[in-house]
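J.: If you scroll down you'll find the structure; I have some questions about it.
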Amino acid sequence: MTNLILARVYDQSDLDLLAAESNIPVVSGLSDLYHPLQTLADLMTLQEHFGYLEGLKLAWVGDGNNILHSLMMGCPKLGIDIRIATPKGYDPDSGVMQDAINLVQQHETNLNCTHDPMEATYRANVVVTDTWVSMGQEEEKSKRMKDFSGYQVDKKMMDDTASDSVFLHCLPRKREEVTDDVFYGSSALVWQEAENRKWTVMSVILNLLSEYTPVNPKPNFTKPKKT
């Protein structure tokens, strides 16, 4: 008898069914609609780096996929503004967008969508991208390579961001998505981000399976005031 299920699936409906029929906790490892554990790792990485989350401006450049959807669910709750740049025809899911708008209104943050990556990344503190071809989309690769022209994160794009900006990518990375000088540059937090996937997954499982009390105090997500 198992005590918990962590499931990576194609269809979100399969995960919903599994959760509905199970009498033990079901954790989403990934679906076509969401990837919540990745967002936890991203938020942990940003908290470690900046020391706060509230007030940050996060720019997404790329496909309107599951990674973006989960960021749209998580960022408003912690005071992070989101700017989204996707090619035409690759916008986020409409249902997720409506949920995100509701969260943004509830938490008084901002959400902006554009088809211009430079507009989205202007003065952003965080730039995030991901694969242009997700699982099950391999037959679309040729078309997607053309449609995503101009969406590669490069030095020119990063030069127009905030002076303290950082770059995130959930990996594996392909060169058409981000240039080497950005991916291996000092602003990239991709390896710290990857390591934090381990700690956040372990934390979720630990909290679901035990009466766990953290040793360290809850971090302060608000930017410290200057004295």
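The values are calculated or read from the model by the stated rules, or taken from the named source; none is laboratory data. What you see is a predicted model; the values in this text were computed from it and never measured. Using ideal geometry, Cβ is built from the backbone for each residue, glycine included, and neighbour counts are taken over all protein chains shown. Ligands, DNA and RNA are stripped out before the accessible areas are found, and what is left, the full protein with its side chains, is counted by its heavy atoms. Shrake-Rupley method; radii C 1.70, N 1.55, O 1.52, S 1.80 Å.
J.: Please indicate, with yes or no, whether at least one residue in segment 196-203 is touching a Phe, Trp or Tyr at 6+ places or on another chain (Cβ under 7 Å) and surrounded by 11 or more Cβ atoms within 10 Å (Cβ to Cβ).
T.: Step one: filter segment 196-203 for residues touching a Phe, Trp or Tyr at 6+ places or on another chain (Cβ under 7 Å), giving none.
For segment 196-203, residues touching a Phe, Trp or Tyr at 6+ places or on another chain (Cβ under 7 Å) and surrounded by 11 or more Cβ atoms within 10 Å (Cβ to Cβ): absent.
J.: What are the pairs with Cβ atoms under 9 angstrom where one residue, in segment 55-82, is within 15 Å of VAL133 (Cβ to Cβ) and the other, located anywhere, is assigned to a helix (DSSP H, G or I) and open to solvent by 20 Å² or more (accessible area, probe 1.4 Å)? Sequence gap at least six, or different chains.
T.: Listed by first residue and then by second, the contacts come to GLY64/MET97; ASN66/GLN12.
J.: Of the numbered conditions (1) part of a helix (DSSP H, G or I); (2) surrounded by fewer than 22 Cβ atoms within 10 Å (Cβ to Cβ); (3) among the hydroxyl-bearing types (Ser, Thr, Tyr), SER70 fails exactly one; give the number of that condition.
T.: Checking SER70 against (1) part of a helix (DSSP H, G or I); (2) surrounded by fewer than 22 Cβ atoms within 10 Å (Cβ to Cβ); (3) among the hydroxyl-bearing types (Ser, Thr, Tyr), the one that fails is (2).
J.: Still on this structure, I have one more. Looking only at residues in segment 1-39 that are open to solvent by 80 Å² or more (accessible area, probe 1.4 Å) and polar (S, T, N, Q), which one is farthest from ALA100 (Cα to Cα)?
T.: Out of the qualifying residues, it is ASN3.
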